[in-house]
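Structure first, then comments.
Read-outs throughout are calculated quantities, based only on the coordinates presented, and are distinct from any laboratory measurement. What you see is a predicted model; the values in this text were computed from it and never measured. Backbone-built Cβ (ideal geometry, glycine too); neighbour counts: all protein chains shown.
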Amino acid sequence: MTDNTTPTAGIPRVFSVIRELTKVHADGGRVTQIARSVGLTQATTHRLLQSLAAEGIVEQDARTKLYRLSIEFFALAAHAGNPGDLRTLCKPALLRLCASLGDSIFLLARSGFDAVCLDRAEGPFPIRSFTGDIGGRIALGVGQGALAILAFLPEAEREEVIRFNLSRVREYGVYDEVYLRTEIEKVRAQGYAGRNIGLLEGMAGVAGPILDREGRAVAALAVGTIADRLNSDRMPTVVE
């Protein structure tokens, strides 16, 4: 492990600690665990955690001494999680679709090479999703929402994402480049992404892109449900 002490190294190290705290158990993580994961010494990691705690971004449990992200961090993140007022604008649609379809609805937005869940409305059926709860992320191209966004990016951006994400989507054991490109063209032709056999066993979904004024996908609304509820008879209703 090495600790680069130059000023420009400070910010990446701080964010590596913050990102690691998003992955630890809800009760928090130990300094030794966090240091090992981010590749820093315990002393440096402890110093960074103490600095973050002083700013109210991190809190330490007085009894267990575990560190976790604070409510203050959540409040800050909530402001960042509404780009262009997108979450506010889409909230009525999420609630309406959830009530009318009886399924879970997700709002996904692009973040670099990933899609991030900005909001969700929970339906009555227990489902699994790639992004999980709000703030979860998945590579663009994996799952219906992320595929819908990827398919409607400008060609140059789409090609860049495919090149970067190809090794990531291959990890799911289904996609190769030919299959991924075929799926993208299918989504572009029909205007939505939808499969009643998903990559997660027993799960299915439909997603439509949210486009800006130039026709570029910035987000997607996705329906997540169990495969038995998305048969060929019901698919057109969900798509509409």
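For segment 47-123, the fraction of alpha-carbon pairs lying more than 15 Å apart is 67 percent, rounded to a whole number. 3J(HN,Hα) along segment 29-36, derived from phi through the Karplus expression 6.51 cos²θ - 1.76 cosθ + 1.60 where θ = phi - 60°, amounts to x, 7, 4, 4, 5, 5, 4, 5 Hz, with x in place of Gly and Pro. Here the Karplus relation 6.51 cos²θ - 1.76 cosθ + 1.60, evaluated at θ = phi - 60°, turns the backbone of segment 118-131 into coupling constants of 8, 7, 7, 10, 7, x, x, 9, x, 10, 10, 9, 5, 7 Hz, with x for every Gly and Pro.
When Arg63, Arg163 are ordered from fewest to most other Cβ atoms inside 10 Å of their Cβ, what list results? Intermediate results must be reported in sequence, preceding the final value.
Working: Arg63 6, Arg163 11.
The fewest-first ordering by Cβ neighbours comes to Arg63, Arg163.
Can you tell me what the convex hull of the Cα atoms of segment 1-148 projects to on average, as an area in nm²?
Working: hull surface 43.6 nm².
Hull-based average projected area comes out at 10.9 nm².
If the segment from Arg128 to Met235 were pulled out straight at 0.36 nm per residue, it would be longer than the present Cα-Cα gap by 36.6 nm.
Amide H contacts of Leu140: Asp114, Ala115, each under 5 Å away and 5 or more positions distant or on a separate chain (H built 1.01 Å from N in the peptide plane; Pro and chain starts excluded). Each of Thr182 and Asp85 was given a label point 7 Å from its Cα along the Cα-to-Cβ line. The distance between the two points is 4.4 nm. Coupling constants for segment 151-166 follow from the phi torsions by the Karplus curve (6.51 cos²θ - 1.76 cosθ + 1.60, θ = phi - 60°), and in residue order they are 4, 10, 7, x, 3, 4, 5, 4, 5, 4, 5, 4, 4, 6, 8, 4 Hz; glycine and proline get x.
Set the Cα radius of gyration of segment 7-77 against 2.2 N^0.38 Å, with N its number of residues, and you get 1.00.
In a reduced charge model with +1 at each Lys and Arg Cβ and -1 at each Asp and Glu Cβ, the chain shows a dipole moment near 380 debye about its Cα centre.
Net charge within 13 Å of Glu183 by Cβ-Cβ distance, Lys/Arg positive one each and Asp/Glu negative one each, not counting Glu183 itself?
Working: positive: Arg158, Arg181, Lys186, Arg188, Arg195; negative: Asp176, Glu177, Glu185.
It works out to a net charge of +2.
Listed by chain and number, the lysines whose C-alpha is less than 28 Å from the C-alpha of Lys65, apart from same-chain residues fewer than 8 away, are Lys23.
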